[in-house]
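Below is one structure; the comments refer to it alone.
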2 protein chains.
Amino acid sequence: MRIGEAATAANITTKTIRFYEQAGLLPPPGRTTNGYRSYNEISVNRLQFIRRAQTAGLALAQIRDILRMRDENHTPCAHVAEMLTRQLSALDQRIGELQALRATVAEFQATALEADPNKCDPNRICSLL
Amino acid sequence: MRIGEAATAANITTKTIRFYEQAGLLPPPGRTTNGYRSYNEISVNRLQFIRRAQTAGLALAQIRDILRMRDENHTPCAHVAEMLTRQLSALDQRIGELQALRATVAEFQATALEADPNKCDPNRICSLL
DNA sequence: CTTGACCTTCCACTGTAGGGGAAGGTGCAC
DNA sequence: GTGCACCTTCCCCTACAGTGGAAGGTCAAG
């Protein structure tokens with residue numbers, strides 16, 4: 001099948017497919033006699049796998065590593081499990097950071113709600129921050 | 001004072017100061033006869049304000065708006081308070097998204113911990129994803 | 001007189017995941 | 001024979017907040 005059909009099947013754009021190829025996530029596909037890229041169901045599976053992995057928040061570089069292991073006939077399971085664990089930690093850390101930031105902003109805002117705008121110190125840029 | 005001293009005082013780099021100037025957060029400074037940028041305490045205060053506003057998670061574009069209001073002699077308090085409120089909503093939404101993503105990843109990981117690596121379906125890229 | 005620490009401008013690059021659009025080739029239907 | 005949808009490569013652009021480096025000017029100390 002041609003790139004457009006593969007794109008529709010995987011629910012992405014042809015631009016994205018070419019980008020994935022150039023980024024090393026897809027092997028260079030076969031070509032028809034007129035030079036068009038030629039894909040099969042395995043290609044579409046691969047594209048759908050990439051989508052699922054992205055759903056898990058994995059970066060393309062990580063997904064590329066998984067696919068590369070798979071292509072070299074290693075079973076990537078252990079690697080994937082470890083990656084998911086690291087992903088969980090990273091998420092927990094990021095969520096923690098954002099919650100800390102939220103607390104800071106909430107504090108600023110509490111000050112803001114109490115402040116009288118008419119009492120702003122003209123020598124400061126903003127008494128709220 | 002010259003740019004290096006201002007940078008040290010505000011705990012940033014000279015590169016960053018020039019970048020802020022070019023981004024419209026700092027007015028073009030005075031110059032000494034030899035062309036060096038010349039700053040004073042007000043400049044340093046402004047730089048420190050930018051830092052504080054960044055601590056509150058505001059983007060440079062938002063900070064620039066606050067500074068611009070201030071420069072036009074409007075009191076930016078109300079604007080800032082509203083911005084902080086919006087910032088809180090944005091943070092809450094982002095935290096929610098990350099928590100949803102965390103749940104997804106945790107689910108994938110639970111599957112991973114249960115799975116027997118020897119039972120991987122060789123026709124799939126990875127049975128965990 | 002030269003060394004070193006400053007400063008200037010300008011241009012390019014970082015990472016992420018693609019998107020926009022030009023210029024041209026291919027194949028089918030009408 | 002021409003219009004249309006599809007394909008090709010190529011290069012540039014997006015947001016964000018800077019960072020790196022080159023080429024050159026300035027100034028005080030030794």
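At a glance:
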{"item": "Residues being of a type in the set (A, V, I, L, M) and outside any helix (DSSP H, G or I) - total across the range B:68-127", "result": "2"}
{"item": "Subset of the range A:1-19 (residues that are more than 14 Å from every other protein chain (Cβ to nearest Cβ) and more than 10 Å from DNA strand D (Cβ to nearest atom))", "result": "A:Ala9, A:Asn11, A:Ile12, A:Thr16"}
{"item": "Hits in the range A:68-84 - residues which are facing another protein chain (nearest Cβ under 7 Å) and surrounded by 15 or more Cβ atoms within 10 Å (Cβ to Cβ)", "result": "A:Arg70, A:Thr75, A:Pro76, A:Cys77, A:Val80, A:Ala81, A:Leu84"}
{"item": "Residue count, the range A:1-21 (criterion: assigned to a loop (DSSP other than H, G, I, E, B) and within 12 Å of DNA strand C (Cβ to nearest atom))", "result": "4"}
{"item": "Answer residue from the range B:44-75, given it is farther than 12 Å from B:Leu26 by Cβ and of a type in the set (Val, Ile, Thr) and is modelled with the lowest pLDDT among those", "result": "B:Thr75"}
{"item": "When residues of the range B:22-47 are limited to those that are surrounded by fewer than 16 Cβ atoms within 10 Å (Cβ to Cβ) and within 20 Å of the chain's Cα centre (by Cα), the one nearest to DNA strand C (Cβ to nearest atom)", "result": "B:Gln22"}
{"item": "Restricting the range A:76-129 to residues that are out of contact with any helix residue (DSSP H, G or I) (no Cβ under 9 Å at 6 or more places or on another chain) and of a type in the set (A, V, I, L, M, F, W, C), the residue that is modelled with the lowest pLDDT", "result": "A:Ala110"}
{"item": "Only one of B:Pro76, B:Pro29 that is within 17 Å of A:Ala112 (Cβ to Cβ), touching a Lys or Arg at 6+ places or on another chain (Cβ under 6 Å) and not basic (Lys, Arg)", "result": "B:Pro76"}
{"item": "Residues of the range A:1-28 classified as free of Cβ contacts under 8 Å to residues at least 24 places away in the same chain and under 17 Å from A:Arg68 (Cα atoms), total", "result": "5"}
{"item": "Every residue from the range B:22-49 that is more than 11 Å from DNA strand D (Cβ to nearest atom) and more than 14 Å from every other protein chain (Cβ to nearest Cβ)", "result": "B:Gly24, B:Pro28, B:Pro29, B:Gly30, B:Arg31, B:Arg37, B:Ser38, B:Tyr39"}
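The values are calculated or read from the model by the stated rules, or taken from the named source; none is laboratory data. This one's a predicted model, so the numbers in the text were calculated from it and none came from an experiment. Here Cβ is always computed from backbone atoms with ideal geometry, including for glycine, and neighbour counts include all displayed protein chains.
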